[in-house]
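Everything on this sheet refers to the single structure shown next.
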Amino acid sequence: MQVKKRLDYQVPKFQIECVDLIFDLVPEATIVTSQLSICRVDINSKDALILDGYELELISLSLDGRRLDENEFEVSDTQLIIKNLPENFILTITTRIDPKHNTSLEGLYYASDAFCTQCEAEGFRRITYYLDRPDVLSIFTVTVRADKKAYPFLLSNGNVIDSGDLVDGRHFVTWHDPFKKPAYLFALVAGDFDVLEDQYITRSQRKVCLQVFVEKGRLYQAQHAIQSLKKSMKWDEDTFNLEYDLDMYMIVAVDFFNMGAMENKGLNIFNSKFVLAQPDSATDEDYFNIESIIAHEYFHNWTGNRVTCRDWFQLSLKEGLTVYRDQWFSHDMTSPLSNRIKQVNVMRSHQFAEDASAMSHPIRPDEVIEMNNFYTVTVYDKGAEVIRMMHTLLGDAGFKAGIQLYFERHDGQAVTCDDFVAAMQDANHYDLSHFSRWYSQSGTPEITVEQVYDAQQRLLTLNLVQATPSTSAQPKKHPLVLPIKYECLQADGKLVQAKEDQGNGVVVMSTGSLTMSFSDVDESSIVTLFNGFSAPVKLNQHFTPAQRLRIIQSSQDDFVKWEAMQGLYIQSVQYLVDNHVSLSDQNSVNEILQQFLQLDTLSSWIDKNMSRPELMAELLSIPSTESLLQALPKRDILHLHQARKNVTQYMLYEFKTVFEHHYGALIEHQPIYEYEQLQVNNRRLIGVLLQFLVHEPAYHHLAYEHFTHSNNMTDTLSSLKAAQIVQDDSFYKMMDKFAYEWSHDLVVMDKWFSLQATVERDDILSQLTLLQAHPMFNIQNPNKVRALIGSFAFFNVPGFHAANGKGYDFMTQYLMQLDHVNSQVAARIITPLTQWQLHTPERRELMIKELRRLLAHTGLSRDLFEKVSKSILQYEEIH
Ligand code: B3K
Ligand code: ZN
């Protein structure tokens, strides 16, 4: 299959100045008429015009009003080629498409009685023939015609310039978007909705009409979304001086959507999961996600739409930056500590795994087979970490000055990551040439630390060395620039600055090795490095449990406390697994861990700090099995999973009275639900404590009680998760009750499917088969597939990783089926199968066997082909 390479970029031979589109919407046969005014970029060239197109039926083609004969152009499966064209001309193309049978959910599709589009990255070519690339920017005018009764709302980008009735009960609306845009930002929606309206007055006093379109009858669930939008608009003005630019901002919620949301100019389309919320149906986490995704798409209006990407290899230009902006927004709106922890967990358990897999790529990839495969945690989340490091290096004012220069230079353009770095560099007179290697080098740097204390001089020296393991595309890796935030803790709790500190609490490592020195310090000094995850690296620094306990009690930085506690959990699991401790004997596990960790010394500290629910909820969250595997690779994942449970039980054994007491106190004072930070933190801690407590038979009943008393989805879900651990009759009773209560709500039922998929039971595969026949399950709906099959593959450790390989086999069979329905979703949920690198040899072989089966499957999509073939190749290179 064809590989596209970053370095093969060529400027377009033609530009399309204006696009006039007419849609005659009919579910199975929509006619699209496109009138393009095109000009040749190099007037001396004779190049043919090559338009992209996919699954289109060409009905007619005219050049400057003259219909072309079939011998005047060529059509293939993916292109329309026209030769001998003048310098300027008008091309009129009529195509027919079938939105109803378009299950890929790319281009124009029809689902739940509405028409909807998704064009990023290369979906526009499924609508009409076009120069479907982000560096072709045009002015769009769009007329949508459809049956008035079935589709009273006809939406597209920009402003309405005309509308009216047509014959046969049809009507039309014409939209004009005054901003030039690439085709991937085009959108169209037609359907019947309820609309929540509001307005926002920008800082220059312009009035913007805000509209949220939702399924009929769900208007009461759109409040949080519209409030989130207003907060985002205000935040971007306050933080970056960026104001919204159109008179309308529309958000449409749809049930069938491949990802979270899409930033189409003036007309965002959202997965309804990230719009609809009310206390009894949405968890605190849902509220959080809605706010941050609404913000993310809104922020794209500047970082993505006003300044877009020159080519898709530059995707992180808009995504890394916009993720960083939404992280900053959430930091300001909610809670800095748990936000940062969430981001770091994504990096450690997903991005590091991706970087160790065959899909390892730099944040600006060099080679792509299927672009949709590169909307990754690397491009998005590692991309945001790279922006964050620039912020750390340049400081607040410097970073903002860089952003301002970036817009001054590039507003209205399609640019590259290099252009972004150049603006940052020029605004600050700061040389970022070495730093920019983060854009081209893949893999995770590993840092080792050696510590030397000179008692006579009371001088502590840390020698750091960085190395990045090679990958097949990049055998030789180079040192990267790493900003290091740190703390050097003294016995009296005071902090000492490193000699190499740049004066801002940061030491910069820019070569393969670095020395950090601290003078006049105690021998017992503890230095923590990369605090707040100040660079996306793996740190190998040894601490004893006693040192970690000291950090937890005396560091001034909550993130550092959390890291220390995570370290204790990982160390405990490692101790149990590597010393072959009998995991079925919890009593002896307790004794061993008690001796090893001496956690009893922490008891009163924990008791006292329960008044800080956010911190305690984080400290008491044991790393997921996936992150344990990352930290302790090549162990049997089932052992890790079991050891994790043992550590949970040990924690309960150690702190039972504290947990019980605080759980009781917290649930006694539960207020009426509000999505508000203090309440969120308390509910989070309640959930964490409950999940510890139910590990003891005497507390099993708590889950059911919590369920019955709950007045909000957060508590309901906490109780279900707790009951799922116990898995007694009451769990199934609660699940039935839940399903009965929510069977009218597609979004809420995803939680139920996902809970079903993660039950640890021996017959889980037959359960999954039964659940696929559930009336609310539908293979064509990505949310359903992700909730059931995705949750199983990602989170049901004993089921998916069963030693007999049956979990992998189930997944393979499912993927073969799904690939023909929606290859993009298939290529997402295959991820756990391609991350065999961390597993034991036996398990690796089982996984590779399934990947080989997939590769042999006829009609495999490009999406799966790319992932599967690369993964097999990596295996063959290693073995
Ligand atoms: N830009 C879209 C993602 C498009 C994914 C295409 N497969 C959403 C976002 O990042 O904001
Ligand atoms: Zn984005």
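Equivalent ellipsoid of region 55-131: semi-axes from √(5λ) of the C-alpha gyration tensor, largest first, are 27, 12, 11 Å.
With +1 on each Lys and Arg Cβ and -1 on each Asp and Glu Cβ, and nothing else charged, work out how big the dipole of the chain is about its Cα centre, in Debye to the nearest 20.
It comes to approximately 800 debye.
Kindly flag which residue pairs out of Lys477/Lys538; Lys230/Lys273; Lys561/Lys608; Lys538/Lys634; Lys149/Lys181; Lys180/Lys265 have an alpha-carbon separation exceeding 21 Å in this structure. Don't skip to the end; give the middle numbers.
On the way: Lys477/Lys538 15 Å; Lys230/Lys273 19 Å; Lys561/Lys608 15 Å; Lys538/Lys634 16 Å; Lys149/Lys181 31 Å; Lys180/Lys265 10 Å.
Pairs exceeding 21 Å: Lys149/Lys181.
When restricted to Cα atoms, region 427-528 yields an Rg and a Dmax of 16.0, 50 Å, respectively.
If you take the beta carbon distance between His101 and Ser766 as r and set R0 to 30 Å, what does 1/(1 + (r/R0)^6) give as a FRET efficiency, to the nearest 0.05?
On the way: r = 31 Å, r/R0 = 1.04.
Efficiency computed from Cβ-Cβ geometry: 0.45.
Annotation note: GluC sites (Glu not before Pro) in region 53-107 located in DSSP loop regions with a Cβ neighbour count of at most 14 within 10 Å are Glu87.
If you take all C-alpha pairs in region 352-418, what percent of them are over 19 Å apart?
Working: 1048 of 2211 pairs.
When every Cα pair of region 352-418 is considered, 47 percent fall beyond 19 Å.
Taking Cβ atoms as reference points and 12 Å as the exclusive limit, the residues near Lys538 contribute a net charge of -1, counting Lys and Arg as +1 and Asp and Glu as -1.
Taking a quarter of the surface of the Cα convex hull of region 1-124 gives a mean projected area of 8.9 nm².
Please give the charge dipole size of region 447-598, origin at the Cα centre, charges +1 on K and R Cβ atoms and -1 on D and E Cβ atoms. Round to the nearest 20 debye.
480 debye
Would you mind ranking Leu321, Leu137 so that the residue whose beta carbon has the fewest other beta carbons within 10 Å leads the list? The partial results should precede the final answer.
Numbers: Leu321 25, Leu137 18.
By the 10 Å Cβ count, ascending, the order reads Leu137, Leu321.
Of the Cα atoms belonging to region 685-757, the radius of gyration and Dmax stand at 11.5, 36 Å. At 37 °C and 0.692 mPa s, grab the translational diffusion coefficient of region 120-251 from Stokes-Einstein with a Kirkwood Rh over Cα pairs, rounded to a whole number in µm² per second. Translational diffusion coefficient: 199 µm²/s.
Do me a favour and compute the ellipsoid semi-axes for region 109-194 from its Cα gyration tensor, root of five times each eigenvalue, largest one first, whole Å.
Details: eigenvalues 113, 46, 21 Å².
Gyration-tensor ellipsoid for region 109-194: 24, 15, 10 Å.
Applying a DSSP loop filter and a limit of 14 other Cβ atoms within 10 Å to the trypsin sites (Lys or Arg not before Pro) in region 414-519 leaves Arg458, Lys476, Lys494, Lys499.
Over all directions, the average projected area of the alpha-carbon convex hull for region 407-487 comes to how many nm²? Each step should come with its number before you reach the end.
On the way: hull surface 33.9 nm².
Its Cα hull, projected and averaged over all orientations, spans 8.5 nm².
The calculated pair-distance distribution of region 224-380 uses every alpha carbon pair, bins of 5 angstrom beginning at 0, and gives 2, 8, 17, 20, 21, 17, 10, 4, 1, 0 percent. Which part of region 828-845 falls in the paramagnetic zone of Ala803, meaning amide N under 17 Å from the point 7 Å along Cα-to-beta-carbon? Residues 839-845 fall inside that zone. In terms of packing, defined here as the mean over residues of other Cβ atoms within 10 angstrom, the peptides 91-103, 817-829 line up highest first as 817-829, 91-103. Considering all C-alpha pairs of region 182-248, those separated by over 21 Å amount to 36%. Dipole size of region 521-651 about its Cα centre, with +1 on Lys/Arg Cβ and -1 on Asp/Glu Cβ: approximately 220 debye, rounded to the nearest 20.
Would you kindly calculate the translational diffusion coefficient of region 1-67, applying Stokes-Einstein with the Kirkwood radius from alpha carbon pairs, for 25 °C and a viscosity of 0.890 mPa s, and quote it in µm² s⁻¹ without decimals? Let's see the in-between values first.
Working: Rh = 15.0 Å.
Answer from the Stokes-Einstein relation: 164 µm²/s.
Once you have the Cα-Cα distance between Ser76 and Glu705, take 0.36 nm times their residue separation minus that, and quote the gain in nm to one decimal. Before the final figure, lay out the partial values.
Details: separation 629, 0.36 × 629 = 226.44 nm, distance 6.36 nm.
Length gained between Ser76 and Glu705: 220.1 nm.
Semi-axes of region 618-675's equivalent ellipsoid from the Cα gyration tensor, sqrt of 5 times each eigenvalue, largest first, rounded to whole Å?
31, 16, 7
Binning the alpha carbon pair distances of region 754-868 at 5 angstrom intervals from zero yields the distribution 2, 12, 25, 25, 21, 12, 3, 0, 0, expressed in whole percent.
A viscosity of 0.692 mPa s and a temperature of 37 °C, combined with the Kirkwood radius over C-alpha pairs in the Stokes-Einstein formula, give region 316-464 a diffusion coefficient of 192 µm²/s.
So what's the chain giving for Rg/Rh, alpha carbon basis, Kirkwood Rh from the mean inverse pair distance? All intermediate terms of the calculation are to be shown ahead of the outcome.
On the way: Rg = 28.1 Å, Rh = 29.1 Å.
Result: Rg/Rh = 0.97.
Annotation: Cα Rg of region 537-691 relative to the compact-globule expectation 2.2 N^0.38 Å equals 1.06.
Bear in mind that the values in this text are calculations on the coordinates, not laboratory data. Not measured: the values here are computed from a predicted model. Here the Cβ is made from the backbone with ideal geometry for all residues, glycine too, and neighbour counts use every protein chain on show.
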